[in-house]
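Single-structure report; data block below.
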Amino acid sequence: MVHQVGDEVIVSCEPATARVVEKHRYIVVEWPWRTADNSLNIRWNGQVALPYGDSHQEWSPYRLEPAAFALRPGDVCTVSIPPTRLYVGHYEKYDPPRNLGWTPAPTAGIHVIPPERMDMDREDAGCMLYLGGADPIRVEPAGN
């Protein structure tokens, strides 16, 4: 399904176990769904940095259990996106799949924005999620 700018959607991602690698301005975890693709010139280290804390300007729909504030490097946590009502900032279809350094490569990208951040600059307000690859992200139309 192709999503249009401004569409209201419900985004979710089933939980998976991850290990905390670093904690500073971001909390860095070993990403549980992707595998690094070493055949490419693009190198991905298998980790994703997630913003946390109220003072952080960036936003992500991913949630950690236990909460990021309670985690330390070496801890194991659960990463997920609980069903969340968001707006589409933009949508990109990738044909062929986009090589970002991991496998399987995503076939689409969707930039999502929470309702409370819709009055901000769209690029700064939301988060890009990659679809059609290994991350089990679901995007469904929001029923009004």
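The values are calculated or read from the model by the stated rules, or taken from the named source; none is laboratory data. Because the structure is predicted, anything quoted here is derived from the model rather than measured. Backbone-built Cβ (ideal geometry, glycine too); neighbour counts: all protein chains shown.
Key figures
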| quantity | calculated |
| --- | --- |
| Flag for VAL139 being part of a strand (DSSP E or B) and either surrounded by fewer than 14 Cβ atoms within 10 Å (Cβ to Cβ) or within 13 Å of the chain's Cα centre (by Cα) (or both) | yes |
| Residues of segment 47-97 that turn out to be within 17 Å of the chain's Cα centre (by Cα), of a type in the set (Asp, Glu) and either outside any strand (DSSP E or B) or surrounded by 14 or more Cβ atoms within 10 Å (Cβ to Cβ) (or both), as a count | 2 |
| Criterion (out of contact with any Cys (no Cβ under 7 Å at 6 or more places or on another chain) and without any contact (Cβ under 8 Å) to a residue 60 or more places away in the chain) met by exactly one of TYR87, TYR130 | TYR130 |
| Segment 98-118, residues that are crowded, with 19+ Cβ neighbours inside 10 Å and among the β-branched types (Val, Ile, Thr) | ILE110, VAL112, ILE113 |
| Residue check for VAL20: within 19 Å of CYS127 (Cβ to Cβ) and either among the small types (Gly, Ala, Ser) or not in a loop (DSSP other than H, G, I, E, B) (or both) | no |
| Among the residues listed as THR103, THR107, the single one being on the phi < 0 side of the Ramachandran plot, in contact with a Ser or Thr (Cβ under 8 Å, 6 or more places away or on another chain) and of a type in the set (Val, Ile, Thr) | THR103 |
| Matching residues in segment 22-45 - criterion: being of a type in the set (Val, Ile, Thr) and under 17 Å from the mean Cα position of the chain (by Cα) | ILE27, VAL28, VAL29, THR35 |
| Single residue of PRO15, PRO32 found to be in contact (Cβ under 8 Å) with a residue 24 or more places away in the chain and over 15 Å from TYR130 (Cα atoms) | PRO15 |
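Rundown of residues vs (1) under 18 Å from GLY132 (Cβ atoms); (2) hydrophobic (A, V, I, L, M, F, W, C), yes/no style:
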residue: GLU22; (1), (2): no, no
residue: ASN41; (1), (2): no, no
residue: PRO66; (1), (2): no, no
residue: TYR87; (1), (2): no, no
residue: THR103; (1), (2): yes, no
residue: VAL112; (1), (2): yes, yes
residue: PRO115; (1), (2): no, no
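Quick grid of which residues meet (1) within 16 Å of ASP7 (Cα to Cα); (2) at pLDDT below 95; (3) touching a helix residue (DSSP H, G or I) at 6+ places or on another chain (Cβ under 8 Å):
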{"position": "PRO66", "(1), (2), (3)": "no, no, no"}
{"position": "THR84", "(1), (2), (3)": "yes, no, no"}
{"position": "ASN99", "(1), (2), (3)": "no, yes, no"}
{"position": "PRO106", "(1), (2), (3)": "no, no, no"}
{"position": "ASP121", "(1), (2), (3)": "no, yes, no"}
